[in-house]
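> Have a look at the structure that comes next, please.
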Amino acid sequence: MADVRIFSDRAEMAAAAAEHFTEVIAKALAENGEASVAAAGGSTPKVLYELLAGDEYRERINWRKMLVAIGDERDVPPDDERSNFRMVSRSLLLPLDVSDDNIVKWETANGKPEQIAERFERSLKTAFGLGSGKVPRFDLIMLGIGADGHTASLFPDTKALSESERIAAANYVPQLGERRFTITFPVINNAKNVMFLVAGADKAEAVKRIVEGTGNDDPLPASLVRPTGGTVTWFLERDAARLLKRV
Ligand code: 6PG
């Protein structure tokens, strides 16, 4: 059973998530001298990133020893207000002065979709020092979910859901009428630790189905996040958790 933590509001959820993030990463740095995180996109994690870049947390992690990958991306230029890289960069990477050498992002302004995904995959493997056929093992992968149960840019009924070889994919999302870029389940389910950060009443149905395993005959994408030998921790704001059975 996943570790489910419920908080009265977004600020309390973000504070607890910042503590968890720091504990997981500090442990990896102590054990290995380096650590890796795939950062979630969307809007929810922004306040967490700002906390990590703030006075209370910034000194607790040696960001020069960190690899930060952008877990998924929209098909927009990096300076577009919808860009996940732009959000992570402004809230976390720039304030912490994280070097470009420590960042793996999607070069969305440069090439055809498949080329963008292939380039990201090559950069990620190079950053991890991996040969072909090997899958990166992140110390931490951060994820959000949508009301439809998508996670990263793995949306219901889209091609990338069934990707079992590639670690990065371009993924056309008909329900949005747009292309996305995303890490795939081989990477997500190879993580040492996964943390979900979810807020808002609109996510409550999906949270219930995923956390309680109901509807597993027709699993939502986030239900397929089951890291082999990895932990899963849910950080839920109260409204997103409101349909969960009280234990
Ligand atoms: C994205 C994300 C996506 C996000 C969820 C939740 O690019 O949008 O990677 O998976 O985590 O859609 O988004 P909010 O945090 O904005 O609710």
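> Any idea which of ALA2, ALA38, ALA26 is closer than 23 Å to VAL198 by Cα and more than 15 Å from the ligand (Cβ to nearest atom)? Reasoning before the result, please.
Numbers: ALA38 fails: more than 15 Å from the ligand (Cβ to nearest atom); ALA26 fails: closer than 23 Å to VAL198 by Cα.
From the options ALA2, ALA38, ALA26, the qualifying one is ALA2.
> Here's a follow-up. Using beta carbons and a limit of 6 Å, which pairs, at least six apart or on different chains, have the first residue in region 186-206 and within 14 Å of SER36 (Cα to Cα) and the second one more than 14 Å from the ligand (Cβ to nearest atom) and assigned to a helix (DSSP H, G or I)?
Filtered contacts from region 186-206: ASN193/VAL24.
> Hey, any hits in region 55-65 for a residue that's away from the ligand (no atom under 13 Å from the Cβ) and β-branched (Val, Ile, Thr)? Can you show your working first?
Just the residues of region 55-65 that are away from the ligand (no atom under 13 Å from the Cβ), to begin with: 55-65.
Filter once more, so that each one left must be β-branched (Val, Ile, Thr): 61.
So far as region 55-65 goes, yes, one or more of its residues are away from the ligand (no atom under 13 Å from the Cβ) and β-branched (Val, Ile, Thr).
> So which residues in region 75-97 are within 25 Å of PRO174 (Cβ to Cβ) and touching a strand residue (DSSP E or B) at 6+ places or on another chain (Cβ under 6 Å)?
Result: ASP75, ARG82, ASN84, PHE85.
> Moving on. Does region 155-170 hold any residues that are buried (at least 18 other Cβ atoms within 10 Å of the Cβ) and among the hydroxyl-bearing types (Ser, Thr, Tyr), and which are they?
THR158
> Does region 181-206 hold any residues that are part of a strand (DSSP E or B) and under 21 Å from GLN115 (Cα atoms), and which are they?
Let us first name the residues in region 181-206 that are part of a strand (DSSP E or B), namely 181-183, 193-198.
PHE181, THR182, ILE183 - these are the residues of region 181-206 that are part of a strand (DSSP E or B) and under 21 Å from GLN115 (Cα atoms).
> Select from region 95-139 the residues that are among the basic types (Lys, Arg) and in a loop (DSSP other than H, G, I, E, B) and list them in ascending order.
Restricting attention to region 95-139, the residues satisfying the condition of being among the basic types (Lys, Arg) are 105, 112, 119, 122, 125, 134, 137.
Within region 95-139, LYS105, LYS112, LYS134, ARG137 meet the criteria.
> Also: Give the residue that is nearest to ALA147 (Cα to Cα), with candidates limited to residues of region 198-217 that are small (Gly, Ala, Ser) and at pLDDT 95 or above. So that I can check it myself, show each step before the final result.
Initial filter on region 198-217 (small (Gly, Ala, Ser)): 199-201, 204, 206, 213, 215.
Retained after the next criterion (residues that are at pLDDT 95 or above): 199-201, 204, 206.
Values: ALA199: 10, GLY200: 9, ALA201: 9, ALA204: 8, ALA206: 6 Å.
Applying the filter and picking the extreme gives ALA206.
> Let me ask something else. Say we look at region 155-180 and pick out the residues that are assigned to a strand (DSSP E or B) and of a type in the set (D, E, K, R); which of these is nearest to the ligand (Cβ to nearest atom)?
Residues of region 155-180 assigned to a strand (DSSP E or B): 168-173, 178-180.
If we keep only those that are of a type in the set (D, E, K, R) too, we end up with 178-180.
Numbers: GLU178: 11, ARG179: 12, ARG180: 7 Å.
Top of the filtered list is ARG180.
> Which one is farthest from the ligand (Cβ to nearest atom) among residues in region 137-154 that are of a type outside the set (Gly, Ala, Ser) and surrounded by 24 or more Cβ atoms within 10 Å (Cβ to Cβ)?
Residues of region 137-154 that are of a type outside the set (Gly, Ala, Ser), as a first pass: 137-143, 145, 148, 150-151, 154.
Within this subset, residues satisfying the condition of being surrounded by 24 or more Cβ atoms within 10 Å (Cβ to Cβ) are 138, 141-143, 145, 150-151, 154.
Values: PHE138: 15, ILE141: 11, MET142: 9, LEU143: 6, ILE145: 6, HIS150: 6, THR151: 5, LEU154: 8 Å.
Looking at residues that are of a type outside the set (Gly, Ala, Ser) and surrounded by 24 or more Cβ atoms within 10 Å (Cβ to Cβ), I get PHE138.
> How many residues are assigned to a helix (DSSP H, G or I) and in contact with a helix residue (DSSP H, G or I) (Cβ under 6 Å, 6 or more places away or on another chain) if we restrict to region 66-86?
Step one: filter region 66-86 for residues assigned to a helix (DSSP H, G or I), giving 84-86.
Checking which are in contact with a helix residue (DSSP H, G or I) (Cβ under 6 Å, 6 or more places away or on another chain) leaves us with none.
Selection size over region 66-86: 0.
The values are calculated or read from the model by the stated rules, or taken from the named source; none is laboratory data. Computed from a prediction, not measured in an experiment: that's the story for all the values here. Here the Cβ is made from the backbone with ideal geometry for all residues, glycine too, and neighbour counts use every protein chain on show.
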